[in-house]
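Report on the structure given below.
None of the figures in this text is laboratory data; all of them are computed from the coordinates on show. In this text, all values refer to a predicted model and were calculated from it rather than measured experimentally. Ideal geometry is used to build each Cβ from the backbone, glycine not excepted, and the neighbour counts take in all protein chains shown.
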Amino acid sequence: MKLAKALVPICAVLALAACKKPPEKETEAARARAFQVVRVENRAIVGGLSASGDLLPREEAAVLPEVTGYRALRVTADLGDYVRAGQTLVVLDPSLLEAQVAQAQAQAAQAEDQANRVADLDGQGVLSQEQIAQRRFQAQAARATLRNLQTQRRKLAVVAPVSGVVLERTVRPGDLSAGGATPWFRLARDGQVELAAELTDADLARVRVGQTATVTLSSGAVAQGRVRLISPQIDPQTKLGQVRILLPVRPDIRAGGFARAVFSDAAGTALTVPETAIRYDADGASVMTVNAQNRVKRVSVQTGARGGSYVQLVKGPPAGTRVVQNAAAFLLDNDLIKPVEGRVVAAAPAGKTAAATAKRP
């Protein structure tokens, strides 16, 4: 009897359980997760073109003595100095030349006196015409010799041919001036330095004279430059051409350094997708395309220029194709998703959908 009473509640529970409906099977569409999708479109890649190269003087001037055989008495300029055109950089010892000038002055005065004595004797028979002409010629020669020595005396001051910054100095007090020797100074005219950036033939076509560029120095400092010159030829060995970018005159922009330029307004557009849409694995770069049935498929791509958070598709799906914005999301070929189209948003964190990320304030 007691056993029968104990079995009654159990039977009641089993009966109620038997009356419940079995759980409905979840459909694939219900399991599909929402993902932000974007379309492959033609866009201008802002900052997509970059190049690097050496920092060089826009125009370099060499300073050498114009007279030989004289020793440097004083050197009045040093590395890094900004000098003005005509400023004296080196003073040569005038001792030897001063004696020669004094002697030439005496000879010129004597010859001039001899010439003056025969000034009115032409055709009078006192002296032959040949003797008169010889005295006049000697006076002219003496004057020419004196002028030459006086010119040399002025050249004893070695001056800057242009204004600019002293890049190199090789002269020391006591050095002897010699023709054809190493320049005593190298100047960067007006202190102007420019970046000689190297680009491929195709990239050169995207650059124009006057275009702005952001130049980053090896120190990390940034300067705004402007394209001054585009090379008219390509180096047959490297297949690269030069673009000269003129930079502002600043103490931290030094000739001989290295820098990288980004051309912020390079001409031309290209098929692009956000950088987050590119997936990289052992098979290379790819995107996850979304077909009309909202199923995804992996498509291999070849990437090109980058800039402004976009990347160029050199090879890949055509314009208008929908792709998953966050390629890092775990998706397999033929997976069904709920595409959410709209503005491009930041990539979703791991374990969350792009759509959820888009709803954040």
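So which aspartates and glutamates can Lys155 reach, going by Cα to Cα under 15 Å and dropping same-chain residues fewer than 8 places off?
Filter leaves Glu66, Asp93, Glu98.
Grab the Cα-Cα distance for Gln131 and Glu66, subtract it from 0.36 nm times how many residues apart they are, and report the gain in nm with one decimal.
Full extension of this stretch gives 19.6 nm more.
Between Arg31 and Leu229, what is the spin-label point distance in nm, taking each point 7 Å from the Cα along the Cα→C-beta axis?
The answer from the label model is 6.7 nm.
For Ile230, what charge total do you get from the other residues with a beta carbon under 10 Å from its beta carbon, if Lys and Arg give +1 and Asp and Glu give -1?
Its environment carries a net charge of +3.
Neighbour counts of other C-beta atoms within 10 Å: give me Phe137, Phe330 arranged from fewest to most.
Going from least to most buried by this count: Phe330, Phe137.
Going by average Cβ neighbours within 10 Å, how do the peptides 191-203, 247-259 rank, with the highest at the top?
So the peptides 191-203, 247-259, ranked by packing, come out 191-203, 247-259.
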